[in-house]
Amino acid sequence: MKRCKLISRSCLSWKNGRGARRHSFSPRSVTNTLSVDPYSGDWTIKIPFNIPYISGNEERYLLDALQSRAHCGNRTYSEKCITLLKEKYGFHSIFLTPSCTAAMEMGALLADLSPGDEVILPSYTFSSTANAIALRGAKPVFCDVDPDTMNLNVELIE
């Protein structure tokens, strides 16, 4: 059975469970790495994440947005993104946010959280997760995570 273990903030490592060695990893590397131990057959694959995709058009798009003075708010590129997402996924409405923090705060507003409400959160999370709830007056309730998945351990929810 393959298990996934987080070995750094910039790399996921899958191990075959027979003790494959961990190798150092440079977060600046954009290539996937597969290592196989020739003696034991153990293997490790490291897949970088949080590395932005570069298409080659970024400079042109940035200059276009800056020169048109349409780089903030719902302007040309925002509308293009909204149209693309609506067409691809069939959504009726899409709201773009500048950050996940803003998205969570908007989600708390849309969920109509109010004082007295309680929201269960994973204990291993970023502060913005709880802040979005607390800003609405609701109470964040932390629950331990499953060490194998690092997600909320649903067996501990009361």
Check your understanding: Does at least one position in the range 144-156 carry a residue that is exposed (fewer than 12 other Cβ atoms within 10 Å of the Cβ), part of a loop (DSSP other than H, G, I, E, B), touching a Cys at 6+ places or on another chain (Cβ under 9 Å) and of a type in the set (D, E, K, R)?
Key -> yes
Taking the range 62-84 and keeping residues more than 17 Å from residue 98 (Cβ to Cβ), within 23 Å of the chain's Cα centre (by Cα) and hydrophobic (A, V, I, L, M, F, W, C) leaves 84
Taking the range 106-131 and keeping only residues that are surrounded by 12 or more Cβ atoms within 10 Å (Cβ to Cβ) and under 30 Å from residue 62 (Cβ atoms), one is left with 106, 107, 128
Review point. Yes or no: residue 103 within 14 Å of residue 128 (Cβ to Cβ), of a type in the set (A, V, I, L, M) and surrounded by 11 or more Cβ atoms within 10 Å (Cβ to Cβ)?
Key: yes
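Values in this text are rule-based calculations from the coordinates and carry no lab data. Predicted model, so just to flag it, every value in this text is computed and none were measured. With ideal geometry, Cβ positions are generated from the backbone for all residues, glycine too; neighbour counts draw on all protein chains shown.
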